[in-house]
Amino acid sequence: METIPELLAPVSTMDTCLAAVHNGADAIYVGVPHWNARGRTPDLSLTELQEMIRFCRIRGVRVFFAMNVLVFESELQDLAPYLVELIRLEPDAFIIQDLGLARLIASLCPAQELHASTQMTLASSEAVDCVRPLGFRRVVLARELSLAEIQQLRASTHTELEVFVHGALCVSYSGQCLTSESFGGRSANRGQCAQSCRLPYQMLVDGKPLDQKGRNYLFSPQDLCAIELVGDLAAAGVNSFKIEGRLKSPEYVAAVTAAYRTLLDTGRWESRQLETLEALFSRGLFTGWLKGTDHQKLVGGFYSSHQGVQIGTVLENVARDGVTVARLEHVPLCVPGDGLVFVDPIQQKEVGGRLYGIQEIDAQRVRLEFSRDLDLRSVQKGWQIWRNDSPSLEALVRKSFTDREHFRRVPVQAVLSGNVGEPLQLRLEDAQGHRIQIAGTSPLEPSRSGASADITVLEEELGALGGSAYRLAQCGITVDSKAFVPRKLVRELRQQAVVALDSARLQWKHLAIKDPARVKFPRGYVPQSDTILLNLVVRKESQLEALKPGLAIDTIYLDFDYGRRHEKALERIAQLGYRTGITTLRIHKSLENRYLEKIQQLDPQRVLVRSLGALHWLRSHGFPPESLYGDHSLNVCNSMTSEWLLAQGLQGLHPSWDLNRQQLGDLVRQFGGASFEVGLHFYVPTYHMEHCVFAAYLSKGSSYPDCKVPCMTHEVEVQDHKGEKHFLQSDAECRNTLYLGRPQSMVRLVPELRAQGVRRFRLEMLQESPAKVLSKVDTFSAFLRGERTADQVILAVDALEKYGITEGQLFNETKWVDRKKS
């Protein structure tokens, strides 16, 4: 590799910091207390963060503060003083999701380095170009990109690119998952992901339960492992390799960091390192999307938690305390004390315990023995055997960051010089050019014995750096042979030089920080009219059939799935006398402009923009700015985000669906309701996935077109662990969205929103018949005219819905209480 990429490791505690640094990380990322996307990690104090930065900077390791969550209006206005405290800790960079937060940091300290989080869903060069004016030096790309897509993106931008290479793989695009928020009021965009994707689900195909043959974890991908692609990613120009795992153990962080460090430095990796990674934590290791789309392999479906390393299968002779197994080739045998689990993946049965003893029968077979406290008689022939815990392996890995012999040291050069009658001089220098010169306080005296100074003793004293961050790489001694050099004096000079070198390596660039009291937050716009506009989103051409002229509709947006044509539907909308509109896709990749080109060709009067990449493409291709409106997927939660997006050419915005009543009210009061469109009635999109569940379960194809497009011929619902059913849909690029089965109604908020200046409201359809579409339009129109009460609307619409309606988290004003690890 001509240029070795940065290796970036996850940190949540000082132990994980030691594990990362001593195993070769070039940089670490740690969550800002309360403000990061791993709410279950322990919160560090500012003092602990400062000590962590000091420890890392002396050793040449960069520290990034992850502040990758959305920020609500009231929080943003109170955040500036805290940000100043964080900036004064001197982190190398902040990793940011919220556009408004990025603007706030830049306004306080323009020189502070910013990185765009993967939570911003950046998947194209256009998306990268869109956020560059905010000052982002680096972007963390969406995990759904292939190597080819990364190569193409690299060729189109000079911005630094960071790519995940190992760890948990979310099924939904980061920043586009509303499942946790919808199911339990714990937003993934606020660091409180409940990992709903790791739960079992039942598919209903055309109304009938599908025999999933034990593959019940529809949305739980295998873990990402890019070890075999490290060279290709480096050649593609990736600047930073990121390891996921701020919820993992120090041993896990140590082992993964060491494996990738070895590979980056030597170009080689050993199978035993991969087995170590599997044993410490693994849901199965796979290359994710890096080799392209493979819907059959991404999600195994049989389990969703740590399984470890499969060591064999049950052969025969299952007794109460022992079993004969067939060993898998190239898998090291476990040792007594290891934790083993016997698994029947089809029936979802498990039995596990600690290994007591091993008897080798031959090269292929062994008998495993367990304590009589574990009854194995339920285990059957053919069951898999996995090692999912190994205290001896963990102890071995732990030495890498607890045993001083393994600690990371900065190489230094020492030169000791002096003549009789002059002070002894010590120069200590590192490879980065820091040079320390320390002199004794009194001149050297002649040796009384006449013997020359013992060079070996002096070298030994200079090399006694074990308590510091340094190791002696090169030593030069030019001391007068007649001089007496006390060992104590050399020790004192060495200790002073180490302290001075620490101080030199800790020097940080000057960052001018503005007074947080002078930060001004944008005010909103006064509505020019009291006219209420009702917009409609339809997902089937047939949903237009029952509509008629003269309804209280301003714009009808088409949000069609794969293979549906827009031309006739647009004609129909124009004939009815309404504005024509089309939605963009929620994801924009660099090589996926054909849908945007189609929108440009069809020339609708309105475009509902759902991604930053699409926004940049439409603007750069001359689409009229007055026609562009931003959707909820842009994650608008505060006035600074709102102002910036409107300045990019959008005429209006739909606030994030992470907002409850109070948070939405704070936003529209601050910025003015005239800039916003608010959904009256809609199906919340929970998972939004590159993974196609239709292809994975209803075909044998790995991708389009060998999947035979089952999404065109089948209707699929998904039943969760609570028994509630939800709708699965595909879009024009074969991505899947799981929509909440019960649509969300906001009618009770309308009086407040109208008082705050909101004039545009929206209805979103999904699978409704033409008659139901018309009925909903009439019902909500009457409500906006004051002819129906909110209770009457809720009662009428609830009767139309297959599974009823909900008000979601709108009126939930309780704050999620972090259950931090101690």
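The values are calculated or read from the model by the stated rules, or taken from the named source; none is laboratory data. All of these numbers come straight from a predicted model, not from anything done at the bench. Heads up, the Cβs are rebuilt from the backbone with ideal geometry, glycines too, and the neighbour counts pull from every protein chain shown.
Numbers at a glance
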| item | result |
| --- | --- |
| Residue in the range 242-258 that is touching a residue at least 12 places away in the same chain (Cβ under 8 Å), aromatic (F, W, Y) and assigned to a helix (DSSP H, G or I) present | yes |
| Counted residues, the range 113-131 - those being among the charged types (D, E, K, R), surrounded by fewer than 24 Cβ atoms within 10 Å (Cβ to Cβ) and under 18 Å from I587 (Cα atoms) | 1 |
| Within the range 266-298, tally of residues that are in a helix (DSSP H, G or I) and among the polar types (S, T, N, Q) | 5 |
| Selection count, the range 773-805, where residues are out of contact with any strand residue (DSSP E or B) (no Cβ under 9 Å at 6 or more places or on another chain), of a type in the set (A, V, I, L, M) and over 18 Å from R742 (Cα atoms) | 2 |
| Among the candidates R518, R491, R539, R471, residue that is without any contact (Cβ under 8 Å) to a residue 40 or more places away in the chain, farther than 30 Å from A102 by Cα and not acidic (D, E) | R491 |
| Residue match in the range 585-601 (condition: without any contact (Cβ under 8 Å) to a residue 40 or more places away in the chain, more than 32 Å from the chain's Cα centre (by Cα) and on the phi > 0 side of the Ramachandran plot) | no |
| Residues of the range 138-181 satisfying the condition of being among the polar types (S, T, N, Q) and either assigned to a helix (DSSP H, G or I) or free of Cβ contacts under 8 Å to residues at least 40 places away in the same chain (or both) | Q151, Q152, T157, T159, T179, S180 |
| Residue match in the range 565-581 (condition: under 19 Å from R735 (Cα atoms) and either aliphatic (A, V, I, L, M) or under 31 Å from the mean Cα position of the chain (by Cα) (or both)) | no |
| Qualifying residue in the range 797-808 (condition: within 18 Å of E752 (Cβ to Cβ) and modelled with pLDDT of 95 or more) | no |
| Any hit, the range 118-137, residues being without any contact (Cβ under 8 Å) to a residue 24 or more places away in the chain, among the aromatic types (F, W, Y) and in the same structural domain as K248 (by TED's automatic domain parsing) | no |
| Options D344, D265; residue that is surrounded by fewer than 22 Cβ atoms within 10 Å (Cβ to Cβ) and closer than 30 Å to A236 by Cα | D265 |
| All strands (runs of 3 or more DSSP E) inside the range 374-435 with 1 or more residues being surrounded by fewer than 19 Cβ atoms within 10 Å (Cβ to Cβ) and without any contact (Cβ under 8 Å) to a residue 40 or more places away in the chain | 423-430 |
| Every pair of residues 6+ apart whose Cβ atoms lie under 7 Å, when the first sits in the range 693-711 and is part of a loop (DSSP other than H, G, I, E, B) while the second is among the β-branched types (V, I, T) | S702/T293; S703/T293 |
| Selection from the range 716-766 of residues that are touching a residue at least 24 places away in the same chain (Cβ under 8 Å) and of a type in the set (G, A, S) | S730, A732, G741, S745, G757 |
| 3 or more residues assigned by TED's automatic domain parsing to the domain that holds L749, under 20 Å from A116 (Cβ atoms) and out of contact with any Phe, Trp or Tyr (no Cβ under 9 Å at 6 or more places or on another chain): qualifying helices (runs of 4 or more DSSP H) within the range 546-664 | 612-620, 639-647 |
| Qualifying residue in the range 673-681 (condition: surrounded by fewer than 20 Cβ atoms within 10 Å (Cβ to Cβ), assigned to a helix (DSSP H, G or I) and of a type in the set (S, T, Y)) | no |
| Residues that are modelled with pLDDT of 90 or more and of a type in the set (V, I, T), drawn from the range 285-311 | T287, T293, V299 |
| Any hit, the range 70-89, residues being over 27 Å from S642 (Cβ atoms) and surrounded by fewer than 24 Cβ atoms within 10 Å (Cβ to Cβ) | yes |
| Out of P221, P209, sole residue that is surrounded by 23 or more Cβ atoms within 10 Å (Cβ to Cβ) and either over 24 Å from G245 (Cβ atoms) or not small (G, A, S) (or both) | P221 |
| From the options K722, K802, K772, residue that is of a type in the set (K, R), in a helix (DSSP H, G or I) and at negative phi | K772 |
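Here is a yes/no grid of residues against (1) assigned to a helix (DSSP H, G or I); (2) touching a strand residue (DSSP E or B) at 6+ places or on another chain (Cβ under 7 Å); (3) within 21 Å of A504 (Cα to Cα); (4) β-branched (V, I, T):
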site	(1), (2), (3), (4)
A20	yes, yes, no, no
G24	no, yes, no, no
Y29	no, yes, no, no
D43	no, no, no, no
M52	yes, yes, yes, no
F55	yes, no, yes, no
F65	no, yes, no, no
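Okay, residues lined up against (1) touching a strand residue (DSSP E or B) at 6+ places or on another chain (Cβ under 8 Å); (2) part of a loop (DSSP other than H, G, I, E, B); (3) modelled with pLDDT of 95 or more; (4) of a type in the set (D, E):
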residue	(1), (2), (3), (4)
Q77	no, no, no, no
Y82	no, no, yes, no
I95	yes, no, yes, no
G100	no, no, yes, no
R103	no, no, yes, no
A106	yes, no, yes, no
P110	no, yes, yes, no
A123	no, yes, yes, no
V131	yes, no, yes, no
